[in-house]
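Report on one structure; see the data block that follows.
The values are calculated or read from the model by the stated rules, or taken from the named source; none is laboratory data. Values in this document were obtained by computation on a predicted structure and should not be read as measured data. So basically every Cβ, Gly included, is an ideal-geometry build from the backbone, and we count neighbours across all protein chains shown. Remember, those area values only see protein heavy atoms, side chains included, never the ligands or the DNA or RNA. Shrake-Rupley method; radii C 1.70, N 1.55, O 1.52, S 1.80 Å.
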Amino acid sequence: MTKALIVYGTRYGATEMTANEIGDVFRQEGLDVKVVNLKDEKVKDISDYELVVVGSGIRMGKWTKEPEKFLKKHHKDLAKKKVALFVCCGAARPIDEAGKDETKMHEAKTKYLDEKAAKHNLQPVSLGFFGGVYNFNRVSRLFRAFMASVKPQLEAAGVPETEPGLYDTRDIPAIRGWAKELAQKVNA
C-alpha cells in the first residue's frame, strides 16, 4: 500500500478543508494517508512516504510560513520522492472581471506553484491550483471592514455562503478529480 503524507499551512481554513478532501480521496483509492497541519505538528522524517503533498493558502501573494519551512527543511529528501504541490487562493477563481483574465490566472499559478517547485529543485508529479475561502469570521475587525466591499462581489459572482460569513470559491469536484488522478498516478 502506497504511503502518502499531506502537509499544509492554512490561514482561513480552505487549505485544511482541501487537504482533508484530498486525504479522503486517497483513502478511497487505497492509499495509506497521514494529513498534517504544520502549524500544529512538525514533521521530522519523511522517509516512510512514497508521495508527499504540500499545500498552502495564499494571502497577500505569499505561501504560509509552515509549508515554506517544510519545503526548505526537506528539499533534499523531497527531490527523491513523488511530490505534488497545491495552493488555495482567490486567483484560482476570481470574483471580478479583471481577475478573470486567463493571463493573470496563469501568472498566479506560475508564481505560486511552478516557481515554488523550481525554488526548491522539485519536479512535482502534479500541481493543484484551487479556489479559497473568504472567511469574515476569522479576520481582524480592521481587515473585515476592508473586506466588506468584497461581499457584494462574492454574491454577484455566485459564490456560495456555505455558513454565515464563509464564502467558498473552491470547486470540490475538481479537487476530488485532481486527487483521484494523483492517487492513480502514484499507484500505477
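Please determine, by comparing only the residues of the range 157-178 that are of a type in the set (Gly, Ala, Ser) and surrounded by 14 or more Cβ atoms within 10 Å (Cβ to Cβ), which one is nearest to ASN135 (Cα to Cα). Reasoning before the result, please.
Quick first cut of the range 157-178, residues of a type in the set (Gly, Ala, Ser) only: 157-158, 165, 174, 177.
Add one more test, that the residue is surrounded by 14 or more Cβ atoms within 10 Å (Cβ to Cβ), and what stays is 157, 165, 174.
Values: ALA157: 16, GLY165: 6, ALA174: 21 Å.
Per the stated criteria, the residue is GLY165.
One residue is enough: does the range 25-42 have a residue meeting the conditions in contact (Cβ under 8 Å) with a residue 60 or more places away in the chain, within 21 Å of TYR134 (Cβ to Cβ), of a type outside the set (S, T, N, Q) and out of contact with any Asp or Glu (no Cβ under 8 Å at 6 or more places or on another chain)?
no
Can you find, within the range 1-20, the residue that is nearest to VAL52 (Cα to Cα) among those that are in contact (Cβ under 8 Å) with a residue 40 or more places away in the chain and part of a loop (DSSP other than H, G, I, E, B)?
The extreme case among them is THR2.
Condition check ((1) aliphatic (A, V, I, L, M); (2) in contact (Cβ under 8 Å) with a residue 60 or more places away in the chain; (3) in a helix (DSSP H, G or I); (4) open to solvent by 70 Å² or more (accessible area, probe 1.4 Å)) across all residues:
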site	(1), (2), (3), (4)
LYS111	no, no, yes, yes
LEU127	yes, no, no, no
TYR134	no, yes, no, no
ARG144	no, no, yes, yes
LYS151	no, no, yes, yes
LEU154	yes, no, yes, no
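Does GLU68 count as surrounded by 13 or more Cβ atoms within 10 Å (Cβ to Cβ) and more than 30 Å from PRO160 (Cβ to Cβ)? Spell out how you get there, then give the answer.
Working: surrounded by 13 or more Cβ atoms within 10 Å (Cβ to Cβ): yes; more than 30 Å from PRO160 (Cβ to Cβ): yes.
In short, yes.
On the given criteria, is VAL133 under 14 Å from SER56 (Cα atoms) and in contact with a Leu (Cβ under 8 Å, 6 or more places away or on another chain)?
Yes: the conditions hold for VAL133.
Name the residues in the range 159-186 that are within 14 Å of SER126 (Cα to Cα) and either more than 17 Å from the chain's Cα centre (by Cα) or part of a loop (DSSP other than H, G, I, E, B) (or both), would you?
Listed by number, the residues that qualify are GLN184, LYS185, VAL186.
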